[in-house]
There are 2 protein chains.
Amino acid sequence: MDVASSEVFEAVVPLACRSCQARHGVVCGALSNDQLKELNRHSLRRKVDAGCEIIAQGSESSFYSNIMRGVVKLCKVMPDGRQQIVGLQFAPDFVGRPFVRESALSAEAATDAEICVFPRNLLDRMISETPELQRSLHDQALRELDAAREWMLTLGRRTAEEKVASLLHLIATHAEPQTATCTAFDLPLSRAEIADFLGLTIETVSRQMTKFRKQGVILIENSRHIIVPDMDELERITA
Amino acid sequence: MDVASSEVFEAVVPLACRSCQARHGVVCGALSNDQLKELNRHSLRRKVDAGCEIIAQGSESSFYSNIMRGVVKLCKVMPDGRQQIVGLQFAPDFVGRPFVRESALSAEAATDAEICVFPRNLLDRMISETPELQRSLHDQALRELDAAREWMLTLGRRTAEEKVASLLHLIATHAEPQTATCTAFDLPLSRAEIADFLGLTIETVSRQMTKFRKQGVILIENSRHIIVPDMDELERITA
DNA sequence: ATGACGATTTGATTCAGATCAAAGTTCACC
DNA sequence: GGTGAACTTTGATCTGAATCAAATCGTCAT
């Protein structure tokens, strides 16, 4: 299933983000009211299911998106099928590669999600006309670059144990903590996706998770719901 | 040795890049003549030796640079000493992280190099005043992001053989080809640095290189000078 | 030239994580 | 509520790259 066939969530007032400038800043926080109105007229807010491919690797796409809820994975696949997740995006991130039509990677909803879909031509125009928007997108690109480089260190130099701990830590930082040290969350990724993010196999991921469970570093419910009693413990393993 | 103690190459007219707008675009190509003159007044062109640390990981730096000649490696090191090169930069790349004072990585000259050194405050002001410069830097950030993600695939999913071929291919694309298929170049990195870029050990890198040599994929002179008779062959190994 | 030190190559062995194989679980769908 | 398919866990074995250990090569100062 792709975006075109996904459910339109609010059709009448497409609502790029009129009501959410403060909370969902990347695109909308940088626009004037007039610009927002124009953007609204040409944009849609959609609900997409987990697994929905928002942008396909190697394809040209005519729209950008802004994540309003849920998690999106950025993925590269090799001709022989090996694949690597190269980034996770959360609300309120912008999805799409400004200035380049063809995508070098796919963007897929990892969980059920809601996105605002903007026409590329219109947003490109607004980017060139609006230094503040350019700046917002530049900032996000720099944050993604920092994240990508941090992950390169994980991929190149950390052990399987450290990799899995790093992933749990990364996801945990996007959940709100229960207490000072304890955090609970649902993993947005399957074991296979975690493996593709960490450059490991499913089996190795599973073994490390059960090892952490037996050590009491985490509690696992239904394989997806994770409780971390002590984040410091997890961070320590991360190295 | 750090930048402050490096040789000032042209002291009298610091010459951010007046003479090189066309060729060395990232910063200078986006500025007006008046801006260039002001930037020149406060900038220096420096010659730095291989190994010179331009920015230290974890430190605050008060300047940006633009690479005019040579290769710069971006490196992250872990508390226990493991390290990962997370990017290579070539002329005319911009070095430094706009908007954030503290650097999450070190930038070190991999070869002898020349850089233009700009004061951070001045350039920050010019960035906010000059949408075209913002755009240039945004473009570079996006190019670096693409490169980082491509490399994540290499680190996470390619074999040692494919990794070494990928590195040779990457370096080769920055050298001008001898003929349609043949390219020759000097490696800007030692075996240890290549290992740190590929997430391998020195020994594995060396073994893969000699394997390629014995297979006739490359010729090696002095361990640093490489001749690739057939780039297609190399690309095929890359997978 | 000679010696010395660092960088690179080569060889022998080990080990972390992959692969192969088989149960368990979970959960969507009748 | 039962069934089947996909996902996850666990176990046994294998292997690619790491580690440990020596040579060999370069190169620079004497």
Shape call, the protein assembly as shown: gyration tensor on alpha carbons, a/c limit 1.5: oblate
So, in Å, what gap is there between the alpha-carbon centers of the stretch A:169-239 and the stretch B:161-239? 38
Residues of the protein assembly as shown: accessible area per residue with a 1.4 Å probe, Å²: 43
Which of A:LYS73/A:LYS211; A:LYS211/B:LYS76; A:LYS47/A:LYS214; A:LYS47/A:LYS76; A:LYS73/B:LYS163; B:LYS73/B:LYS211 exceed 30 Å between C-alpha atoms? The answer is A:LYS47/A:LYS214
Net charge near A:SER166: determine it from the other residues with C-beta under 10 Å of the C-beta of A:SER166, scoring Lys and Arg +1 and Asp and Glu -1. -2
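What value in Å³ per residue do you get for the convex hull of the alpha-carbon atoms in the stretch B:49-94?
81
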Stokes-Einstein, Kirkwood over Cα pairs, the stretch B:158-238, 10 °C, 1.306 mPa s; D in µm²/s equals 128
Once the convex hull of the C-alpha atoms of chain A is built, how many Å³ does it hold per residue, rounded to a whole number? 133
Value of [θ]222 nm, deg cm²/dmol, for chain A, DSSP H segments ≥ 4, -39500 (n - 2.57) each, nearest 500: -12000 deg cm²/dmol
Relative contact order for the stretch A:159-238: what percent, with Cα pairs under 8 Å and sequence separation of 6 or more? 41
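The values are calculated or read from the model by the stated rules, or taken from the named source; none is laboratory data. All of these numbers come straight from a predicted model, not from anything done at the bench. Cβ sites come from the backbone with ideal geometry, for glycine too, and all protein chains shown count toward neighbours. SASA here: full protein model, heavy atoms, side chains in, ligands and nucleic acids out. Shrake-Rupley method; radii C 1.70, N 1.55, O 1.52, S 1.80 Å.
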